[in-house]
1. Select from region 154-168 the residues that are in contact with a Ser or Thr (Cβ under 8 Å, 6 or more places away or on another chain) and either part of a loop (DSSP other than H, G, I, E, B) or within 13 Å of PHE107 (Cβ to Cβ) (or both) and list them in ascending order.
2. Report yes if some residue within region 168-178 is crowded, with 18+ Cβ neighbours inside 10 Å and within 12 Å of the ligand (Cβ to nearest atom); otherwise report no.
3. Could you tell me which numbered condition SER158 fails, if it satisfies all but one of (1) assigned by TED's automatic domain parsing to the domain that holds ILE5; (2) of a type in the set (S, T, N, Q); (3) in contact with a Gly (Cβ under 8 Å, 6 or more places away or on another chain)?
4. Can you tell me which residues in region 57-100 are farther than 22 Å from LYS187 by Cβ, polar (S, T, N, Q) and without any contact (Cβ under 8 Å) to a residue 40 or more places away in the chain?
5. Only one of (1) at pLDDT 95 or above; (2) within 12 Å of the ligand (Cβ to nearest atom); (3) in the same structural domain as LEU26 (by TED's automatic domain parsing) is not met by TYR116, so which one is it?
6. Out of the residues in region 244-270 meeting the condition of being of a type in the set (S, T, N, Q) and closer than 13 Å to ILE303 by Cβ, tell me which one is modelled with the highest pLDDT.
7. Testing LYS55 on (1) within 26 Å of ALA9 (Cβ to Cβ); (2) within 13 Å of the ligand (Cβ to nearest atom), one condition comes back false. Which one is that?
8. Quick one: what pairs do we get from region 131-160, first residue in contact (Cβ under 8 Å) with a residue 40 or more places away in the chain, second outside any helix (DSSP H, G or I) and within 12 Å of the ligand (Cβ to nearest atom), C-beta under 6 Å, 6+ apart or different chains?
Amino acid sequence: MHSDINILADTSNLFYIGGVVRDKILEKESFDIDLTYVGNAIEYAQTIKNAEILKINEPFGTVRVRIDGQETDIASTRSEIYERPGHLPIITQIGCSLKQDVLRRDFTINTLAQNYKTGEIIDYTGGLDDIKAGKIKVLHDKSFIEDPTRILRALKFSVRFGFGLDEHTKMLRDDYLKNINYDMSFKRLKKELIETFNLNLQKAYDEFMDNKIYKLVTQKEISKTGINIQKFITEYDRLIEHSNIWLIYLATISDLANLELTKEEKKIIKDFNSIENLSLNTDYEIYNTFKNLKTETIIIYGILKNESIARHYLNNLKNITISINGADLQRMGIKPSPVYQDCFDYILKQKLANKNLTSEDEISLAKKFLINNN
Ligand code: CTP
């Protein structure tokens with residue numbers, strides 16, 4: 001926890017807010033500690049003894065301070081309106097009441113405030129009861145229209161905490177997905193997709209497909225794969241970059257064009273597209289097709305095309321290498337030429353059939369090959 005601000009400033013109007021209070025009640029660790037000040041947090045920060053102001057975001061009324069070496073963000077209470085549904089809201093007031101601040105938020109479970117000084121929990125929406133009942137409930141009927149990323153947030157919190165959606169919230173979600181407005185901020189959507197699917201939970205994928213939440217990403221009808229993606233990924237997770245897990249799940253949905261993928265993300269998908277229609281009949285073909293690809297691409301191939309080929313490569317072929325090299329062939333008196341590559345390919349084929357070949361075996365195979373082909 002961060003340093004005690006109680007001894008450095010008047011904290012009567014300072015509150016822990018949102019996820020941190022929810023997580024404390026659930027006795028879970030929080031990813032970040034959000035503090036809000038009822039009033040202007042930027043002015044307030046200047047009254048905290050020994051606080052070093054690191055960063056001010058005037059339009060948002062937020063400030064980052066360092067106190068006793070620890071960095072903390074403090075936000076001003078603020079109210080917002082959505083002028084363009086699906087896009088970032090516009091701030092209408094900085095320093096509004098605590099109640100107005102919490103009423104702009106997504107779900108009742110995220111609206112709790114805890115007074116920094118007294119520890120008292122302020123609950124304007126019934127959030128405490130909903131946490132106890134494990135219910136995810138929106139604050140008003142336009143919540144998903146204004147911010148469709150909340151549909152994913154509901155999924156994320158439900159799988160993270162084992163919560164369920166309240167019936168009315170579910171109905172609002174389903175209505176929205178039937179009449180979806182694709183004029184939205186895909187950057188925010190992508191952030192939530194990453195946070196949801198990097199949890200690597202099959203349940204998230206199942207709900208995403210069964211409830212057609214995937215409609216947020218594509219207008220097409222997509223059918224669900226029968227493969228347990230979580231299990232597949234977990235088996236090979238030492239070979240995967242954790243931050244790419246979401247992409248493996250999402251690749252089962254063909255059209256990710258809206259998501260502004262990074263170069264690396266695009267390559268994972270493009271590489272899959274370039275091999276998906278190849279016919280891979282021999283170990284040599286499988287090895288040569290997969291050898292320079294990321295495991296993420298190979299698992300996508302496994303899910304969408306052929307699981308046993310992907311597994312065979314990862315389990316049996318991936319680590320096979322030949323030890324013979326150009327210097328060995330030169331020592332045999334062969335001048336560098338395209339025959340080197342042919343020779344290496346020949347030895348690789350033999351080694352894929354018998355991975356116990358020693359380096360001496362490779363040398364004798366090379367001699368045999370060169371006698372017949374030089
Ligand atoms: N919020 C919202 N609508 C969003 C995103 C956020 O209303 N689309 C509100 C929520 O009330 C949330 C707060 O902003 O509690 C902070 O957002 P974030 O840090 O994303 O949520 P946390 O609840 O802290 O979630 P996490 O534990 O995943 O950090």
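1. Selection gives ALA154, LEU155, LYS156, GLY164, LEU165.
2. no
3. Checking SER158 against (1) assigned by TED's automatic domain parsing to the domain that holds ILE5; (2) of a type in the set (S, T, N, Q); (3) in contact with a Gly (Cβ under 8 Å, 6 or more places away or on another chain), the one that fails is (1).
4. If the condition is that a residue be farther than 22 Å from LYS187 by Cβ, polar (S, T, N, Q) and without any contact (Cβ under 8 Å) to a residue 40 or more places away in the chain, then SER79, THR92, GLN93, GLN100 are the ones that fit.
5. (2)
6. THR252
7. Checking LYS55 against (1) within 26 Å of ALA9 (Cβ to Cβ); (2) within 13 Å of the ligand (Cβ to nearest atom), the one that fails is (2).
8. Final answer for the pair search is GLU146/TYR82; PRO148/GLY86; PRO148/MET184; ARG150/ASP106; ARG153/ASP106; ALA154/ILE136; PHE157/ILE136; SER158/ILE136.
The values are calculated or read from the model by the stated rules, or taken from the named source; none is laboratory data. The structure presented is a predicted model; accordingly, all values stated were derived computationally and were not measured. Heads up, the Cβs are rebuilt from the backbone with ideal geometry, glycines too, and the neighbour counts pull from every protein chain shown.
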